[in-house]
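J.: If you scroll down you'll find the structure; I have some questions about it.
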Amino acid sequence: MNLAPKRISQLGRVVTGKTPPTSRQEYFGGEYLFVTPSDLNYDHYYCRTTERTVTEEAKAALSNQFIPADAVMFTCIGATIGKCAIAPAECLTNQQINSVVANEDTDSKFLYYLLSQNVDVVKGLGGGAATPIVSKSKFEEVEYLVPRLREQQAISDILSAYDDLIENNRRRMALLEEAARQLYREWFVRLRFPGHEHTCITDGVPEGWERRTFADACSSLEDGDWIETKDQGGDDYRLLQISNIGINEFVETGNFRYVAEQTFKRLNCRELIPGCILIARMPKPIGRAWLVTEMPWRMITAVDAAIVVANEELADAHFLTHYLNSPATLQHCERRAVGATRPRIARRELAALPLLLPPRRLQTHFREFAEPLNRQRAVLYRQNEKLRAARDLLLPRLMSGEIAV
């Protein structure tokens, strides 16, 4: 394979995004994605959902900053340098992201793999500042060894086959979670549970249900461990951050931190086991929870997460997880959070969350539906881990020409 040195500016047109004026409300809430670094991770492929969207009015005002479908987005500021994804449609990014619109002789998916494999090359340009920034001009001058278009397309076809399967599995996982979420909403929010037609409801409380606090439903509610940077190292226990906690899902950020067995014992850490619940006490959103499932590593968590074990006599962990992730509970957590810069909810506020507790048998009925869905999601997650490992093994060998295409 013939490789030729090319700068990013020779592979495509670089566009730095821009945030619309927040005072102009007509710019927000439209059909175009507005991508910020928090919407991306280090293994994203296509970025199909964002926290905010923008309108046609924003497009008219910032037409030069909009990027077309298949442009490659790359975060170039702060600790998030190197988050990379492909635009699924025409969209806008903020100023912390440089996007590359591929030339005719550059395959856009190949460009995505090229940039995502060589994150450290760009990170090194940020300097040692407290908030490193890779300017557009520096980014454009980054140089790579690049094959001809035909070979680029062959490489991207091989690698994207893995990512297409991973993305399909992610969609299936989302559908499984949505099915459980809809049933929770039907039974425990709308109160259309089995037998509701024959159940007396007084002041919003069905007969046999109780108004409790979240603490009543927990046999334990504790903070994670205080692990300093100097305590990290080894490979015995993975240290999960709040960024790993999604809305009843584990979010892989690519930030792998571990502690050794000796440190685990010295600090008297608590190992996370399947069936406990992790709650993120910081945004976004505050209070989101993940029902821990079996993972490829032994795990502990940091102090900004709370660890819950359900009181099995009163509450089921599947029910509690969906309760925590319900819009009403998340909104309550947001209102009770304190701190201007980095709002967080205190553990005592979590303990005081109001809970309408249904009979244990109804929770068990819900679990019989939700648990198999969780198991299917766990299987799909493990499949994705294997696909990702196989892709990552191939990627550098294909890029270097070690494997012919």
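J.: Among 296, 359, 88, which one shows the highest mean-square fluctuation when the chain is modelled as a Gaussian network with alpha-carbon springs under 10 Å?
T.: Maximum among the listed residues: 296.
J.: Related question: Would you grab the residues whose amide H sits under 5 Å from the one on residue 16? Only those 5+ places off in sequence or on another chain, please, with H modelled 1.01 Å from N.
T.: Here the answer is 99, since their amide H atoms fall under 5 Å of that of residue 16.
J.: Around residue 390, what is the net charge, scoring Lys/Arg as +1 and Asp/Glu as -1 over all other residues with Cβ under 12 Å from its Cβ?
T.: Local charge sum for residue 390: +1.
J.: Once you have all Cα-Cα distances for the stretch 4-146, histogram them in 5 Å bins from zero and send the whole-percent values.
T.: Taking all Cα pairs of the stretch 4-146, the binned fractions are 2, 11, 21, 24, 19, 13, 7, 2, 0, 0 percent.
J.: Let me ask something additional. Take 399, 282 and order them by how many other Cβ atoms sit within 10 Å, fewest up front.
T.: Ranked by crowding around the Cβ, least crowded first: 282, 399.
J.: By how many degrees, 0 to 90 and rounded to 10, does the Cα axis of helix 108-117 deviate from the longest principal axis of the chain?
T.: Tilt of helix 108-117: around 70 degrees.
J.: Where Lys and Arg each count +1 and Asp and Glu each count -1, what net charge lies around residue 231 among other residues with Cβ under 11 Å from its Cβ?
T.: Net of charged neighbours comes to +1.
J.: Across the stretch 184-199, in residue order, what do the Karplus-derived ³J(HN,Hα) couplings come to in whole Hz, using 6.51 cos²θ - 1.76 cosθ + 1.60 with θ = phi - 60° and x for Gly and Pro?
T.: Calculated HN-Hα couplings, in order: 4, 4, 5, 7, 10, 10, 7, 6, 9, 7, x, x, 5, 4, 10, 10 Hz.
J.: Please list the non-local residues whose amide H lies under 5 Å from the amide H of residue 298, H modeled 1.01 Å from N, same-chain partners needing a gap of 5 or more.
T.: HN-HN under 5 Å from residue 298: 238.
J.: For the stretch 149-161, take each phi angle, set θ = phi - 60°, evaluate the Karplus expression 6.51 cos²θ - 1.76 cosθ + 1.60, and give the result in whole Hz per residue in order, putting x for glycine and proline.
T.: 4, 4, 6, 4, 5, 5, 5, 5, 5, 5, 6, 5, 4
J.: Would you please report the Å³ per residue occupied by the convex hull of the alpha carbon atoms in the chain?
T.: Considering the Cα atoms of the chain, their hull volume per residue is 163 Å³.
J.: Moving on to the next point. What FRET efficiency comes out for residue 400 versus residue 346 if R0 is 60 angstrom and r is the Cβ-Cβ distance? Round to the nearest 0.05.
T.: Here the calculated transfer efficiency is 0.70.
J.: Within 10 Å of each residue's Cβ, count the other Cβ atoms and sort 250, 110 from fewest upward.
T.: Listing 250, 110 from fewest to most nearby Cβ atoms yields 250, 110.
J.: Note down the relative contact order for the chain as a percent, whole number, built from C-alpha pairs under 8 angstrom at least six residues apart.
T.: The normalised contact order for the chain reaches 16 percent.
J.: With Rg and the Kirkwood Rh both taken from Cα atoms, where does Rg over Rh land for the stretch 176-309?
T.: That ratio equals 1.09.
J.: Would you mind ranking 332, 318 by Cβ crowding within 10 Å, fewest neighbours first?
T.: In order of increasing Cβ crowding within 10 Å: 332, 318.
J.: Summing +1 for each Lys or Arg and -1 for each Asp or Glu, what net charge is found among the other residues whose Cβ lies under 15 Å from the Cβ of residue 54?
T.: -3
J.: On to the next question. Can you give me the angle between helix 327-336 and the longest principal axis of the chain, using Cα atoms only, in degrees from 0 to 90, rounded to the nearest 10?
T.: Result, in degrees: 90.
J.: Which of 138, 230, 123 ends up with the largest GNM mean-square fluctuation for the chain, with Cα atoms connected below 10 Å?
T.: 230
J.: Using alpha carbons only, how many angstrom separate the centre of the stretch 263-286 from the centre of the stretch 179-220?
T.: For the stretch 263-286 versus the stretch 179-220, the Cα centre distance is 28 Å.
J.: Among the GluC sites (Glu not before Pro) in the stretch 343-395, which ones are in a DSSP loop with at most 14 other Cβ atoms within 10 Å of the Cβ? Mind listing them?
T.: none
J.: Here's another thing I want to ask about it. Read phi for every residue in the stretch 274-282 and hand back ³J(HN,Hα) as whole Hz from Karplus 6.51 cos²θ - 1.76 cosθ + 1.60, θ = phi - 60°, with x for Gly and Pro.
T.: Computed from phi, the couplings for the stretch 274-282 are x, x, 7, 10, 9, 10, 7, 8, 10 Hz.
J.: Still on this structure, please answer the following. Filter the GluC sites (Glu not before Pro) in the stretch 252-325 down to the DSSP loop ones having no more than 16 other Cβ atoms within 10 Å, then list what survives.
T.: 271, 294, 312, 313
J.: With each run of n ≥ 4 DSSP H residues scored as -39500 (n - 2.57), what mean residue ellipticity at 222 nm is computed for the chain after dividing by its residue count and rounding to the nearest 500 deg cm²/dmol?
T.: Value at 222 nm, helices only, nearest 500: -10500 deg cm²/dmol.
No value in this document is a laboratory result; all are computed from the given coordinates. Everything numeric in this text was worked out from a predicted model, so none of it was measured. No Cβ is skipped: glycine too gets one built from the backbone with ideal geometry, and neighbour counts run over all protein chains shown.
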